[in-house]
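Quick notes on the structure that follows.
The values are calculated or read from the model by the stated rules, or taken from the named source; none is laboratory data. The model shown is predicted, which means the values in this text are computed figures rather than measured ones. A quick note on method: Cβ atoms are made from the backbone with ideal geometry, for glycine too, and the neighbour counts reach across all protein chains shown. All accessible areas refer to the heavy atoms of the entire protein, side chains included, with ligands and DNA or RNA removed. Shrake-Rupley method; radii C 1.70, N 1.55, O 1.52, S 1.80 Å.
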Amino acid sequence: MNLAAWLTRAAQSFPDLPAVARGTAPLLTYHQLGDNAARLAGALRHRLGLAEDDRVAIVSKNTPEYIEILYGIWQAGLIAVPINAKLHGAEIGWILEHSGCKALFAGPDLETTLEAHRPDNLQHLVPIGSSDYKALLSADPLPVVARRPDDLAWLFYTSGTTGRPKGAMLTHRNLAAATYGYLIDVDPTAPGDCLVHGAPMSHGSGIYIMGTIARCGLNVVPESGGFYPAELFAIAAHWRNASLFAAPTMIKRLTEHPGDADPTALRTIVWGGAPMHVADTERALDRFGPCFAQIYGQGETPMTATVLSKAVIADRTHPRWRERLGSAGITNVAAEVRIGDADGRPLSTGETGEIMVRGDTVMAGYWTDKAASAAAIRDGWLYTGDVGAVDADGFLTLKDRSKDVIISGGSNIYPREVEEVLLRHPAVREVSVIGRPDPDWGEIVVAYIAGNAAPEELDALCRDSIARFKRPKDYVLTDALPKNNYGKILKTELRDRDRSKIETTPEDEST
Ligand code: AMP
């Protein structure tokens, strides 16, 4: 099974349906998309001389060509390496070298930067939309090359909230399972429905392209190639039945955007990738209505371990509605989830431990990293590094990443719980809670706050809702929190920043 077969099927049976649009303008029908992908596949194999399983990178902000390139790579039996275009040139160069890419499709304005960091293994750099690119589209089409389910399709470089990125090896089976999980549990899609790529196609949004193609839907790439609420609202109003994947920080931007938005044009807004605080979810629901679904997963089990469905999020009458909004939902149909102790033995309902995932979505391992692969997948279970608990109804609540847990005076404190409370203060825009080394307590709880709330008021909020030992001992007000290019708050960097702040604070000021 080759994922590209779904495109061939659509092109053959529904050639005239619209497949790709740029903003509000239709760009390619399924026939044209299928033809472009087949010609790119032919060019990659017979003009650029690539062999099965060679790696081909895409580094570009969102652009309609992303889709034909991805499918061209798969159709040719090659492995795609989509890379976040917002990374530094040196970081991209490192991934290109690590993955041994032979060819690279580079987005607008990136050619010079990428040339400067080009590793020796990279034989071809093709600027997307250039005359070289257009020439590739005139190659003879190549029919879909046969793939086994365990052949690799996508090297998904993790976004690096921890150390160097690692290349999660995603197979055709993994991506097919992720697609079934999406179409069944997250966002059932019908022919003609559209998916708007406001979030990076190198990450979550890209993983959803396959579901849209499997159902002959329309992939829409905003003209800006980025995430601008006014543009996204206009696109949704034009095409209607629109779905969108967004990180929680992006959902906040949508909610806070002052302009008009027609909620009836939005079919589904899926959030995931980072915790969304309950107060933010409620605000989003008030503005856009019941169109939200949440997924929890990671590059290692693409997008899908659990899902909080639109129906559950919309059911305000449920006695545990608010509690459920704070959860990551129930196990996705495509996966198995377990909470394990340090040895991976299953824990009981309500007990907190490491979240483990098994099933067809779980990656084959990390590219050229046997040690990391063996540590991540043991006895068929993926150890996610996330910590959580499952309640009696099967809802998973994420506490934190295991290394983010704060241990103060022997008690475990999960930052998320404290953050939820602090975010209730109207003057808190964003918050991140970390542990600071302390000679007496091991660690103390410290809250970094973007916003201008008074520490006494924050402390009063905590006193009202959480145990004394969880209350921050220090509130640090700041303009902005450090984030990676996907909008995730970098606790590692915040801890480093905090450590250097403490080390450079003179004695007399700190007392
Ligand atoms: P990535 O592989 O870059 O998608 O990052 C995956 C990590 O993001 C997970 O291991 C979690 O720590 C975090 N994450 C993903 N989805 C959620 C979610 N719905 N809520 C909270 N954290 C999440």
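Yes/no per residue for (1) outside the structural domain of Met276 (by TED's automatic domain parsing); (2) of a type in the set (D, E, K, R); (3) buried (at least 20 other Cβ atoms within 10 Å of the Cβ):
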position	(1), (2), (3)
Asp379	no, yes, no
Asp386	no, yes, yes
Leu396	yes, no, yes
Lys399	yes, yes, yes
Pro426	yes, no, no
Ala450	yes, no, no
Ala454	yes, no, no
Among residues of region 308-353, those that are in a strand (DSSP E or B) and within 16 Å of the ligand (Cβ to nearest atom), counted: 8
Which listed residue is hydroxyl-bearing (Ser, Thr, Tyr), outside the structural domain of Tyr296 (by TED's automatic domain parsing) and within 29 Å of Pro165 (Cβ to Cβ), from Tyr475, Tyr414: Tyr414
Answer residue from region 354-365, given it is part of a strand (DSSP E or B) and open to solvent by 20 Å² or more (accessible area, probe 1.4 Å) and is farthest from the ligand (Cβ to nearest atom) among those: Arg358
Count - residues of region 178-188 that are surrounded by fewer than 24 Cβ atoms within 10 Å (Cβ to Cβ) and out of contact with any strand residue (DSSP E or B) (no Cβ under 6 Å at 6 or more places or on another chain): 4
Test: Ile235 is in contact (Cβ under 8 Å) with a residue 40 or more places away in the chain, of a type in the set (Val, Ile, Thr) and either crowded, with 17+ Cβ neighbours inside 10 Å or assigned by TED's automatic domain parsing to the domain that holds Asn62 (or both): yes
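So, in region 401-417, of the ones that are within 15 Å of the ligand (Cβ to nearest atom) and either surrounded by fewer than 19 Cβ atoms within 10 Å (Cβ to Cβ) or not acidic (Asp, Glu) (or both), which residue ends up modelled with the highest pLDDT?
Here is the first cut: in region 401-417, the residues within 15 Å of the ligand (Cβ to nearest atom) are 401-405, 414-417.
Now restrict to residues that are either surrounded by fewer than 19 Cβ atoms within 10 Å (Cβ to Cβ) or not acidic (Asp, Glu) (or both): 401-403, 405, 414-417.
On the way: Arg401: 76, Ser402: 74, Lys403: 75, Val405: 80, Tyr414: 80, Pro415: 89, Arg416: 85, Glu417: 82.
So, considering only residues that are within 15 Å of the ligand (Cβ to nearest atom) and either surrounded by fewer than 19 Cβ atoms within 10 Å (Cβ to Cβ) or not acidic (Asp, Glu) (or both), the one modelled with the highest pLDDT is Pro415.
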Among (1) more than 16 Å from the ligand (Cβ to nearest atom); (2) under 30 Å from Leu33 (Cβ atoms); (3) open to solvent by less than 30 Å² (accessible area, probe 1.4 Å); (4) assigned to a helix (DSSP H, G or I), the one test that Thr255 misses: (2)
Residue in region 126-159 that is nearest to the ligand (Cβ to nearest atom), counting only those that are closer than 17 Å to Trp94 by Cβ and surrounded by 19 or more Cβ atoms within 10 Å (Cβ to Cβ): Ser159
Top-ranked residue of region 189-224 - restricted to ones that are polar (S, T, N, Q) and away from the ligand (no atom under 14 Å from the Cβ), ranked as most open to solvent (accessible area, probe 1.4 Å): Ser224
Qualifying residues in region 267-291 (those that are buried (at least 24 other Cβ atoms within 10 Å of the Cβ) and part of a strand (DSSP E or B)) - the one nearest to the ligand (Cβ to nearest atom): Trp271
Answer from Glu68, Glu91, Glu115 - the residue that is within 16 Å of the ligand (Cβ to nearest atom) and either assigned by TED's automatic domain parsing to the domain that holds Gln298 or surrounded by fewer than 16 Cβ atoms within 10 Å (Cβ to Cβ) (or both): Glu91
Tabulated pairs, region 378-400, first away from the ligand (no atom under 16 Å from the Cβ), second assigned to a strand (DSSP E or B) and among the charged types (D, E, K, R), C-beta under 7 angstrom, 6+ apart or interchain: Gly380/Arg358
Residue count, region 52-61 (criterion: among the polar types (S, T, N, Q) and open to solvent by 10 Å² or more (accessible area, probe 1.4 Å)): 0
Single residue of region 207-240 satisfying the filter (part of a loop (DSSP other than H, G, I, E, B) and touching a Gly at 6+ places or on another chain (Cβ under 7 Å)) that is nearest to Lys86 (Cα to Cα): Phe227
Matching residues, region 227-251, being of a type in the set (Gly, Ala, Ser), within 15 Å of the chain's Cα centre (by Cα) and more than 19 Å from Asp193 (Cβ to Cβ): Ala247
Matching residues, region 307-345, being at positive phi and buried (at least 20 other Cβ atoms within 10 Å of the Cβ): Gly329
Residue tally, condition buried (at least 20 other Cβ atoms within 10 Å of the Cβ) and farther than 21 Å from Ala328 by Cβ, over region 366-376: 2
